[in-house]
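Remarks on the structure that follows.
No value in this document is a laboratory result; all are computed from the given coordinates. Everything quoted here is computed from the prediction, not taken from an experiment. Reconstructed Cβ throughout: ideal geometry from the backbone, glycine too, with neighbour counts over all protein chains shown.
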Amino acid sequence: MLVGWIISVILHEFAHGFVAYLGGDYTIKERGGLTLNPLQYIDPVFSVIIPVVILFLGGVPLPGGATYVRRDLLRSNFWDTAVSLAGPAMNFLLFIVCAIPLHPKIGWLDPKAGPEGWTHAQIFLGAMATLQLMAVILNLVPIPPLDGFGAIAPYLPHDLRMRVTTPPTSNILFFAYFMIIWKAPGVSIFIFTVLVYLLRAMGFRTDDIMFFLQAHDLAFT
């Protein structure tokens, strides 16, 4: 799961960089932002300290990596928003990629077999699919420095944008958000409700959906 998460973080950050390059930041290629080398995306705070703390507290190591984009070079607010949404879009794509092999039409998974009858690969894909969707939902909340805030930031008044992204306000907002997703039971209920509805829309049956929830629990116990 740790290796899978690291790979997903790399792809998430690569998506940011690739869309930024398309949107006008020609410097990102020169700075090594279009690479799959994980060392390129390591940030001491957001790649190491915060993820480790959240992981040990029983949460999702959401913050991950960091891609530095010259947003002043982007051609429009549209591209600015697209750069921010590219990361969550990659996580959603990974959710689809992990979920498809487990689809009942594929016939690979027997959701009624129970943990003893499931392979490590099946449990990994189920847990990773759930984790990727969790990352999408939690990262789209408009709180700096999350991508949800980055998506709306170009349309906010400059003074407001600077105020909420500058310490101590930014630190207070993120700490409050962290405490909510850690302590409030409604957050996990909401996430798993979205997961259920999405899987049903994709054609998964009730037993299949229960497998995803069990796989997530098995992977982190």
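Summary of values
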{"quantity": "Amide proton proximity set for Thr35, modelled H, under 5 Å, gap of 5+", "calculated": "none"}
{"quantity": "Reachable aspartates and glutamates from Lys29, criterion Cα separation under 15 angstrom, eight or more residues apart if same chain", "calculated": "Glu13"}
{"quantity": "Degrees between helix 185-201 axis and first principal axis of the chain (Cα, 0 to 90, nearest 10)", "calculated": "70"}
{"quantity": "Isotropically averaged projected area of region 2-219, using the convex hull of Cα atoms (one quarter of hull area), nm²", "calculated": "12.7"}
{"quantity": "Whole-Å distance, taken between Cα centres, linking region 89-133 and region 147-216", "calculated": "21"}
{"quantity": "Choice from Met134, Met202, Met179 showing the highest fluctuation, given a GNM over the chain with Cα pairs closer than 10 Å", "calculated": "Met179"}
{"quantity": "In nm, spacing of pseudo-spin labels at Ile180 and Ile6 (7 Å Cα→C-beta vector)", "calculated": "3.3"}
{"quantity": "For the chain, size of Cβ-based charge dipole, Lys and Arg +1, Asp and Glu -1, in debye", "calculated": "280"}
{"quantity": "Gain on full stretching of the segment that runs from Val196 to Thr221 - 0.36 nm per residue minus C-alpha separation", "calculated": "6.8 nm"}
{"quantity": "Degrees separating the helix 169-183 axis from the principal Cα axis of the chain, which is the longest one", "calculated": "10"}
